[in-house]
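Okay, structure first, notes after.
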Amino acid sequence: MNRWLLRRAASAMGTFLLACTLLFFLMRLTPGDPLLRLSEDRPMSPEALANLRAHYGLDQPVTTQFVAFVGGVLRGDLGASIEHGGRPVVSLLRERLPASLLLGATTLLLNFSLGIAIGAWQARHAGRRSERWVDLAGLATASAPSFWVAIVLAWAFGTELRWFPVAFMYDPLLPADASPLAHVIDYLRHLVLPAATLTIVTVGVTARYQRATMLEALAMAPVRAARARGLTESRVRWRHAWPNALGPMLALFGLWLPIVVSGSVFVESVFAWPGLGTLAAEALASRDYPVLMGTAILIAATVVAASFFADLAHRWVDPRLRTT
Amino acid sequence: MTDSLGVPGALPREPSGRAGVLLLLALGAAVLLLPPFLPDPRAQPDLVAGVLLPPGWDHPLGTDHLSRDVFARLVYGGRVSLAVSLGAALLAVTLGAGVGLVAGYAGGRTDAVLMRVVDAALAVPRLILLLLVVALLERIPLWGLILAIGATGWLGTSRLVRAETMRLRTMEFVRAASALGAGHLRILLRHLAPNVAGPLVVATTLAAGDVMLLEAGLSYLGLGVQAPTPSWGNMIFDAKPYLVTAPWVAVAPGIAILLGVFAVNLVGESLGQRFGGHHR
Amino acid sequence: MPRPSTLPVVFALAFAAPAAPAAQSPSGTLVIAVAREAQSPVPTLWRGDQANREISDLLFLRLASLGPALGTTDDSSFVPQLAHRWKRVDGRTLRFELDPRARWHDGTPVTPRDVVFGFDRARDPKLSPQVALLLQRIESVTATGKDRVTIRFRERYPEQMYDATYHAPPLPAHLLAAMPPDSVAGSEFAAHPVGNGPYTFGRRVAGQSLELLANPTFFLGTPGPARVIFLLAGDAETRANLLLSGKADAVDNIYTLPNPARLERHPDFQYLSVPTLSVGYANLNHRDPSDPSRLHPLFSHPDLRRALVLALNREQIAGSAYGPATRVPSAPVSVVLERAVKAPPPLPFDTAEARRLLARTGWRDTDGDGTIDRGGRPLTFSLMVPAPVAARRLMASQMQEAWRRLGIAVELEVVEPGLYHQRRAEGRYDAEMAGATQDPTPSGLSQSWSCGAIGAGNVARYCNPRFDSLLARAGRSPSDAPALWRRAVAVLAEDVPAIFLAAQVFVVPVHRRFVGVVVRPDSPWADVWRWRLAPGAALPRDRP
């Protein structure tokens, strides 16, 4: 187990470094120039542009830039933003990460608790008419563009009914000396619409997975044996079938985990949620390479870590894997 | 799974699979046969009084913000959207299957290298990969769009196929073929490929649905289908501002996509069951 | 887009004469939703973008501001700010006298040293490359007395007063002089700027909001709103939602919001029609995109350019994107600039004439494929559009269709913004949907349309020596300048170097909770300190 762990960790590290390298060169291959946006409103003299280029090290050969970049990453320095007035990328990421984590974690929690409940119910009643409708509804919500759901929810519960705020993570007008409870309630109210949007467009997939894995597990020999022993149906389902269905669900969890970090650009954008997704989208539009690299690296790290931990958890819940 | 492996080529026997095939056929027939009876989807007949008209006699699904007939655009758009999604899905699955089969069969160093690259590429946000394709092609014709989506969408499939191939590799019929002196290529194509077909079909159908949605988002990158050619994706993108005040413009292509995804899913699921119980 | 027959726009005068300072103390919270974040609202750290400048204008005053007519050539049309008077010493020298009441937010008086310091930073091409370029004709800025500053120019030209006041507001030398210029951007000062304007810097929540607080001792009068909060909402959908849910009191223009029709007559808002410096047009590349040494095979022919313009119902096209108050110009002249230089009327919308012109110049559909051709070459080109700008996509779709009816096959290329900027700068396009915010002075036209600006601001790579020489002559002779500028603009109108679509008029919605509302064309929020909360209109957020 320990040797496996070490090998798996080393390979995750290798994957991450490869991803960083890939990212760096891909980004330099894409067309666009971060300085063009800076000089968009007013022309700049060629000398001034050259000065700026030198300032951000953009005049160096790509390989030199790469070496400098890797050196920086190892020191925990991701460089300075071009668009954000020279602010360090690390501090920009630190500002945005909590918002992404809050929205992502809430979404995952809702997604999995609802998805597993719905999927298990579906497995139990597979084939029934009402189950078919639930299945269709899951498919429908999963194939709706997230910005649709966002716009409609913002309109219905934001501008018409005015039940929930339509933007931001908290009310910028809330007095700083308001009670802690008021702050918590404020955060929760702001969380409702974006989290609901993301949950609606993802829960259908989780439910379908759960339904399928659960059905598969129920058909397996040990479960059938348990049923033959006369155990109650709910005991068969939750004590015998469900753990078997858990493995694939963990893999799915690993797949969803990156949304905790990257979120959905569209949803963050409509609700002005100050997360990493919008930061990355803006950086992409302005070719703010350092910020773009910073967010991409963070996302890459999460993806790699997520698959690592999903593997780990999978081994833990499914003892059969330990021998391979 | 206990399932009848019916006569090859026949309709799937389960009602849902048959419904899916019928639905797909109906969609295909509609987009191929209806156009001669429809107005020009590019025409903007009346930009003053004819915009955002609700569904009615002249325009069964209303008009959009440029007074174009939504139904005509939906039908013409279906040609593009169905072609792009099926094309891109097939490309992605072919690439994914190729890499997955080779990695899974060869094992060892080849496998390690290929999978490391796949993992690393999976960790790179797809948006950036797509942007690179824009850079390489710059002007995006329809085949370019198919290429871009297909070439960035095969990574997950390759993992799936690799896992399946590794499982099959140790099975007796493969060993037997090897013992009988079959070449690697023959084993790959004749023995392994057909046996990973089940999960592949499911992957293809799921991917085809995803692509239709992806295309809507791609308009932001300038990678979508370019005007005036309608597609379900760019119709959804264009209708975004009017979602609340003129919902029919946005909902029509949305329902079309849903029908497409639904049909493809039904077919995929029942085919998956026919090929042996793979739900993913 | 349906054109509303009666738009309840209050055609308020964009400027009020400096109102008598109200005696009451500041009250209320004004919330404005904005599209772009002000990263560093400090002069010289502006980085050339509008967002920083709009906030900076509330924190840092200039020596004098543009007057109601926004004239840039008449010394007496400017309105006192930090300088309460100025005097022309000779054709190359202006002398300013600072208002003795002017104070920095930390209480220190504003001194001539601050003015000199501000110019030093602004004229250093390393620190502020864009502004330095604009201030090249300033020779020296010197303190000449306890509250006097003398600015000397290299030559005699019409817009000296404008150059002396518009681009380089004074900076607090007592806080910044000791700091190495490079470190200002990352300094405590940049994070919490100390200015001298009606508002002081409150706090900034990155990516979310910026809060300014009324400066109760502001020397020109007591500000109305006690707090001004700028909410950052990059997505237009969000700005509309903030406004409609009552969370924001104002946005800069309803025509940047999705589906403006639903906002055109909302009972909660007053609507101010504000002339702007913004123009929208389709650039036609005058050089071959693949070989800049050659002329463009199509767009170097004036008749073809003219036919393309005649074919378009520009009033309809621009109106659908920017609202019915938008005007169609004949030259790159914004509504504000039009006051300084009158442009000829635009070409009419006349498809028959466009057809005749095309036929006369040999464009006919000889092979019956629906596209007209000449010498075996079909009339086809691509029109590049930046993907995120909805208004330009909307206009481009209508233009494509209008041209198609004449047998001109135009391919729309909606491209991602990074690629758009790159291709534009490199001249790799046929035609492209452009927008510009102009300087309020006609000589600024040289940045985009003179031969010398090819490779820089002249993206269309248009070159007409006659236009250049008229502009140059205007620059040398202040008295003839207005007439020469008019002739220069007439040359552009005659030449049709691009397809000019819109001289924008913004429609600014402001909640009726506020009265005495004025919006400046050159900087929309610079006068919010004159607004007042209406009696009885207080909301919970207005309580101190």
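List of remarks:
- Tensor-based shape of chain A (alpha-carbon gyration tensor, a/c under 1.5 rounded, otherwise prolate or oblate): oblate
- Per-residue Cβ neighbour rank within 10 angstrom, fewest leading, C:494, A:160, C:54: A:160, C:494, C:54
- If R0 is 25 Å, the Cβ-Cβ spacing of residue B:175 and residue B:113 corresponds to a FRET efficiency of close to 0.50.
- Förster radius 25 Å - calculated FRET efficiency between residue C:203 and residue C:106, Cβ distance, rounded to 0.05: 0.90
- Charged-residue dipole, Cβ positions (Lys, Arg, Asp, Glu), the protein assembly as shown about Cα centre, Debye nearest 20: 2080 debye
- Exposure proxy shown here: for B:232, A:148, the number of other Cβ atoms within 10 Å sets the order, fewest to most, as A:148, B:232.
- The residue list A:119, A:136, A:21 was ranked by how far each Cα lies along the charge dipole of region A:1-138 toward its positive end, using unit charges on Cβ atoms, and A:119 comes out on top.
- At R0 = 56 Å, FRET efficiency that the Cβ-Cβ distance of residue B:94 and residue C:191 yields, to 0.05: 0.55
- Charging the Cβ of each Asp and Glu at -1 and of each Lys and Arg at +1, and nothing else, the dipole of region A:93-323 about its Cα centre rounds to 1400 debye.
- Rel. contact order, % - alpha carbon contacts under 8 angstrom, at least six apart, region C:225-350: 20 percent
- Site pair residue C:268 and residue A:184 shows an inter-label distance of 3.0 nm when each label is modelled 7 Å from Cα along Cα→Cβ.
- The protein assembly as shown: radius of gyration over Cα atoms, expressed as a fraction of 2.2 N^0.38 Å: 1.00
- In sequence order, calculated HN-Hα J values of region C:274-283 (Karplus, 6.51, -1.76, 1.60; Hz; x Gly/Pro): 10, x, 10, 9, 8, 10, x, 7, 9, 6
- Stokes-Einstein diffusion coefficient of region A:134-219, Kirkwood radius over Cα pairs, 20 °C, 1.002 mPa s, in µm²/s: 143 µm²/s
- Every helix of 4 or more DSSP H residues in chain C counts as -39500 (n - 2.57), and over all residues that averages to -7000 deg cm²/dmol at 222 nm.
- Positive dipole terminus of chain C, leading residue within C:81, C:431, C:172 (C-beta point charges): C:81
- Spacing of the modelled spin labels on residue B:142 and residue C:139, each 7 Å from Cα toward Cβ, amounts to 6.8 nm.
- Model label zone, residue C:367; criterion: amide N under 14 Å from point 7 Å along Cα-to-beta-carbon; scope region C:267-305: none
- Between the listed residues B:130, B:60, B:108, the Cα displaced farthest toward the positive end of the dipole of region B:47-166, a dipole computed from Cβ unit charges relative to the Cα centre, is found at B:108.
- Label positions at residue A:113 and residue A:229, each projected 7 Å from the Cα along the C-beta direction, are separated by 3.2 nm.
- Under the criterion of Cα pairs below 8 Å and six or more residues apart, the relative contact order for region A:100-229 equals 46 percent.
- Unit Cα scatterers, Debye sum, region B:47-174: log10 I(q)/I(0) for q = 0.20 Å⁻¹: -1.06
- Free-standing Cys, the protein assembly as shown [no other Cys Cβ under 4.7 Å]: A:20
- ³J(HN,Hα) computed for each position of region A:17-32 - Karplus, 6.51 cos²θ - 1.76 cosθ + 1.60, integer Hz, glycine/proline x: 5, 4, 4, 4, 4, 4, 4, 4, 6, 4, 5, 6, 6, 5, x, x
- Cα gyration tensor, region A:2-75 - rounded (a/c under 1.5), prolate or oblate: prolate
- 19 Å reach of a label modelled at residue A:130, 7 Å along Cα-to-Cβ, counting backbone N of region A:185-220: A:207-208, A:211
- Helical content alone sets the calculated 222 nm signal of chain B at -21000 deg cm²/dmol, taking -39,500 (n - 2.57) per DSSP H segment of four or more residues and averaging over every residue.
- Each residue of region B:84-98 was assigned a 3J(HN,Hα) from its phi angle through the Karplus expression (A = 6.51, B = -1.76, C = 1.60, θ = phi - 60°), giving 5, 5, 5, x, 5, 5, 4, 4, 4, 5, 4, 4, x, 5, x Hz with x at Gly and Pro.
- Value of relative contact order over region C:64-176, rounded to a whole percent, pairs C-alpha under 8 Å and six or more apart: 30 percent
Readers should treat all values here as calculations from the given coordinates under stated rules, not as data from a laboratory. The model shown is predicted, which means the values in this text are computed figures rather than measured ones. Neighbour counts run over all protein chains shown; Cβ positions are idealised from the backbone, glycine included.
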